[in-house]
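**Student:** My questions will all concern the structure given below.
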Amino acid sequence: MPKSEGRRNFAKAIVAIAAVLSIVPFVPWGTYLSSSVSSTGAYKRQKVVVDDNPQYGAAAGQTVNVNDLTTFPPDSHWVVTYPTSGSLTQDTQNPDTFVKYELIRLPAGSPFNGDTKDAVAFVAFSKVCVHLWCSPNYNPAQGHEQYECPCHGSIYEIPDGLAKGGPASQQPPPTNAIPMMTLTADPDGTLNIEPPVWDVNHNGVLGYGRYYTSYESYIKPEAEGSA
Amino acid sequence: MAQTQTAQPPKRNLISKLYHWITDGLQRTVYMGIQYTFPKRFVSPLGYLGVLTGIVFLVLGVTGGALMIYYQPTLSGCGSLTCAFSSVARINNSVPFGWLLRNIHYTASNAMVLLAVLHMYYQYFSGRFKIKNEVLWVTGVIFGVITAVEAYSGYDLIFNQRAGLAIEIGSSLANASPVIGGALRLATFGAGFSDFILRLYAAHVFIFPMIMLLLVFLHFPRYLVFDLPVVSAVVGALFIVAGLFPVGLGVQYSPSSPTLTIPEWYLTAIYALLRTEFDKFVMGALMPGLLILMAIVIPFVDTSKKLSWKDRPFFTALGITSIAEILVTTAWGFYINPNTSLPTLSRLLVPPSLYFSSMIGVAAVSFLLTYSFLHYIKSRERVRTAAAPLGPILTRKWVFVIFILLILSQVALNGLAVAAMSQGLRNMALFDVGAVLVAFGIIAHLYRFSQTLPF
């Protein structure tokens, strides 16, 4: 190869490398797409307030207290909104299931101990099924006591939110467990949602799933600083 | 006298002068490369189905732009689920002519997908995709895929139950992609319904149409047939179909109270594949991807110099097989077990053993029938004598009589359209307007025909 041709090829290679280097810095810009209009509000610690829906009777619009076994009896369920818009009416009317969570007070007695006056008596599951984004409901009936999706029959067990039946259970991890919130109780019994970490190793990704871990990891024994 | 007349340049009136001044000026632009040919006589539209697809794309652009004025993907204080549906309902029910525009847009979207598919198969069977047209073919396949995705992103924006199903399946397919699943879902659909609707809206009204416009430059051949009579008739037919088969609003999507729905017909085959309940990603993305890949490589496999479908028995049979299999799969997609006592999932199940054996059966039958049909026509082939050219069918007098009748029918149809609108018969009005356009197509064709007659 003549020397001049080698120089020419070298110059071409420089241009090619320069072109690649000029494109590379834009690759991380792709994360522009990973934000969300739903999450413009900051994720703060929030008191758990039941949506003001008449079907919830005495619990409608109430702040959940773990000591109140009358208004919030075991083996019951309500829908809560997180993050709140600040207005209970607006939250209740918001149909976006990506801000909705099913708050379940577990059945009383062993093994779930839903009559415990503590945050461990509660779980909060995402209202978005990881199969096809439908909206599951808790079924309190004896022998069921599970989180069931009406669309294609995915079934999540309590209290861990792992799919044990239906199409969601056939999906590979992390798409086989429903995202869930971390709950804590104040000394006066007020139940709180802790700021979630939206990834598959923590609270999960809504409409996608999380790596299954036992629900104890979502319960903090006491709110920090309250001891 | 006659000699001096022929020597003179043709006399141009003011309008003609202006027209030529503009077209001469345009010769200095990129449009010089696109030589539209206005055929002097009727030619088969099969050869320019691509141009007709492009015309329908223009109809979609015009009506879509108009719909954007009242469509609200999301608003502060208005949940996205409610906003999208209620704004479409408003366009449908109270905006003047909104119903007509929406129906034209919907029918045109179906027509564009259908015309693109027909265009592809005509090019395939006529062998035009081969030999130096490989790049046009490949960009065409990509164009077709983007057309389907564009149509998909459009019907999701309504947020009715059918849109909900499409959103759910689309997002779950993205979720199911290996390794990048979660990130891909987040990038394309976002983290909720508000995100989703804004993203798909941006994609539907800007990103995909821009890609399609760019693809026009890479896909349109240098010489196009622009036949005004046929274009007018096709657009008119579109209006007529939209008037005869108006699309409803459907039921508003609600994640908590789902109903069983079926996607639009061009996605029903994928729906059937998913319902075999094998791996979601394999059935929903890899299988259609395989078909697209096959379409892309076909000009590099079918490299013979033979063009006619009669001379390429294997590839003709392959094309017939693909049509038959798509039709059968689509039919599966439309079938839901009517026994409501069964659980939803079993009602939706497309039994895999039955489905895949039917696919093998369809392939065998298609090949067998194609080969025997080709054998049959080869055995009967004989030299065709050129048909004697037909004399003029109509005389000048009759042309003018039909002209007058058509103009009168246009006047009458215009009146009927106005009357129908005032009575609230919107589909009747749309039908009438379509008929006006078809009548214009016939007039334009008759004008062209009359140019061949002695005046």
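Each reported figure results from applying straightforward, stated rules to the coordinates on display, with no laboratory input. This one's a predicted model, so the numbers in the text were calculated from it and none came from an experiment. Ideal geometry is used to build each Cβ from the backbone, glycine not excepted, and the neighbour counts take in all protein chains shown.
**Student:** What angle do you read, to the nearest 10 degrees and between 0 and 90, between the alpha-carbon axis of helix B:208-219 and the longest principal axis of chain B?
**Tutor:** Long axis of B:208-219 versus the principal axis of chain B: about 50 degrees.
**Student:** Also: Step through the table entries A:K47/A:K164; B:K132/B:K310; A:K127/B:K280, compare each Cα-Cα distance with 28 Å, and write down the pairs that go over it.
**Tutor:** Over 28 Å apart, Cα to Cα: A:K47/A:K164.
**Student:** Rank A:G6, A:V99, A:A119 by how far each Cα sits towards the positive end of the charge dipole of chain A (+1 on Lys, Arg Cβ; -1 on Asp, Glu Cβ) and give me just the farthest.
**Tutor:** Highest projection toward the positive end goes to A:G6.
**Student:** Using a Förster radius of 22 Å, what is the FRET efficiency between B:L198 and A:T31 based on their Cβ-Cβ separation? Nearest 0.05, please.
**Tutor:** 0.80
**Student:** Can you list the aspartates and glutamates whose alpha carbon is less than 14 Å from that of B:K305, not counting same-chain residues fewer than 8 positions off?
**Tutor:** In chain and number order, the partners are B:E134.
**Student:** Averaged over A:94-101, how many beta carbons belonging to a partner chain fall within 10 Å of each residue's beta carbon?
**Tutor:** Across A:94-101, the average partner-chain Cβ count within 10 Å equals 6.
**Student:** Could you calculate the contour length gain from B:F217 to B:R380, that is, 0.36 nm times the residue separation minus the distance between their Cα atoms, to one decimal place in nm?
**Tutor:** Gain on stretching B:F217 to B:R380: 54.3 nm.
**Student:** Could you check the simple spin-label distance between A:Q142 and B:D24, using points 7 Å along Cα→Cβ, in nm with one decimal?
**Tutor:** The two pseudo-label positions are separated by 9.7 nm.
**Student:** Of B:L115, B:L249, B:G64, which is farthest along the charge dipole of the protein assembly as shown in the positive direction, counting Lys and Arg as +1 and Asp and Glu as -1 at C-beta?
**Tutor:** B:L115
**Student:** Give me Rg/Rg_expected for the protein assembly as shown, where Rg uses Cα atoms only and Rg_expected = 2.2 N^0.38 Å with N residues.
**Tutor:** 1.20
**Student:** What is the magnitude of the charge dipole of segment B:287-409 about its Cα centre, with +1 placed on the Cβ of each Lys and Arg, -1 on the Cβ of each Asp and Glu, and no other charges, expressed in debye to the nearest 20?
**Tutor:** My answer is approximately 640 debye.
**Student:** Stretched out fully, how many nm does the piece from B:S126 to B:Y335 gain, at 0.36 nm a residue minus the Cα gap?
**Tutor:** Here the segment from B:S126 to B:Y335 would lengthen by 71.9 nm.
**Student:** By per-residue mean of other Cβ atoms within 10 Å, what is the highest-first order of A:163-169, B:185-191, B:104-110, B:309-315?
**Tutor:** So the peptides A:163-169, B:185-191, B:104-110, B:309-315, ranked by packing, come out B:104-110, B:185-191, A:163-169, B:309-315.
**Student:** Okay, next question. How shielded is B:190-203 by partner chains, expressed as the average number of their Cβ atoms within 10 Å of its Cβ atoms?
**Tutor:** 5
**Student:** Just how many % of Cα pairs in segment B:232-336 lie over 24 Å apart, if you round to the nearest whole percent?
**Tutor:** 50 percent
**Student:** Taking every DSSP beta bridge with both residues inside chain A, roughly what % is antiparallel (nearest 5)?
**Tutor:** Of those bridges, close to 95 percent are antiparallel.
**Student:** Here is a follow-up. Which listed residue (B:F97, B:V399, B:V179) has the Cα farthest towards the positive end of the charge dipole for the protein assembly as shown, taking +1 on Lys and Arg C-beta and -1 on Asp and Glu C-beta about the Cα centre?
**Tutor:** Value computed over the given set: B:V399.
**Student:** Something else: Between A:D186 and B:L349, what is the label-point separation in nm under the 7 Å Cα-to-beta-carbon projection?
**Tutor:** Each label point is offset 7 Å from its Cα along the Cβ direction, giving 5.2 nm.
**Student:** Calculated from DSSP H runs of 4 or more alone, at -39500 (n - 2.57) each and per residue, what is the 222 nm mean residue ellipticity of the protein assembly as shown, nearest 500?
**Tutor:** -16000 deg cm²/dmol
**Student:** Going Cα to Cα from B:K130, which aspartates and glutamates come in below 16 Å? Please leave out same-chain ones fewer than 8 positions away.
**Tutor:** B:D302, B:D311
**Student:** Which FRET efficiency value, to the nearest 0.05, do you get for B:V282 and B:K11 by plugging their Cβ-Cβ distance into 1/(1 + (r/R0)^6) with R0 = 51 Å?
**Tutor:** 0.15
**Student:** Sort all Cα-Cα distances of segment B:253-298 into consecutive 5 angstrom bins from zero, then give the percent of pairs in each bin up to the one containing the longest distance.
**Tutor:** Histogram of Cα-Cα distances, whole percents per bin: 5, 19, 20, 20, 19, 9, 4, 3, 2, 0.
**Student:** In addition: For chain A, give the magnitude of the charge dipole about the Cα centre (Cβ charges: +1 Lys/Arg, -1 Asp/Glu; no others), in debye to the nearest 20.
**Tutor:** The calculation lands at about 1520 debye.
**Student:** A follow-up question, please. Let me know the volume per residue of the alpha-carbon convex hull for segment A:41-218, in Å³.
**Tutor:** So the per-residue Cα hull volume is 107 Å³.
**Student:** Which value, in debye to the nearest 20, describes the size of the charge dipole of segment B:202-352 about its Cα centre when Lys and Arg Cβ atoms bear +1, Asp and Glu Cβ atoms bear -1, and nothing else is charged?
**Tutor:** 240 debye
**Student:** Give me D for chain B in µm² s⁻¹, whole number, from Stokes-Einstein with Rh from the Kirkwood sum over alpha-carbon pairs, 20 °C and 1.002 mPa s.
**Tutor:** 84 µm²/s
**Student:** Let me ask something else about it. Please compute, over every Cα-Cα pair in segment B:38-255, the percentage with a separation greater than 32 angstrom.
**Tutor:** Of all Cα-Cα pairs in segment B:38-255, 24 percent lie more than 32 Å apart.
**Student:** Right, something else. State whether segment B:140-251 is rounded, prolate or oblate according to the following rule on the C-alpha gyration tensor (a ≥ b ≥ c being the square roots of its eigenvalues): a/c under 1.5 gives rounded; otherwise a/b larger than b/c gives prolate, and the remaining case gives oblate.
**Tutor:** The shape class here is oblate.
**Student:** Using the Cα atoms of segment B:394-455, I'd like the radius of gyration and the largest Cα-Cα distance, Dmax, both in angstrom.
**Tutor:** Rg, Dmax (Cα atoms, Å): 14.2, 47.
**Student:** Other chains near B:177-186: what is the mean number of their Cβ atoms within 10 Å of each residue's Cβ?
**Tutor:** Across the residues of B:177-186, the mean count of other-chain Cβ atoms within 10 Å is 3.
**Student:** Among A:194-202, B:166-174, A:123-131, B:115-123, what's the highest-first ranking by average C-beta atoms within 10 angstrom per residue?
**Tutor:** A:123-131, B:166-174, B:115-123, A:194-202
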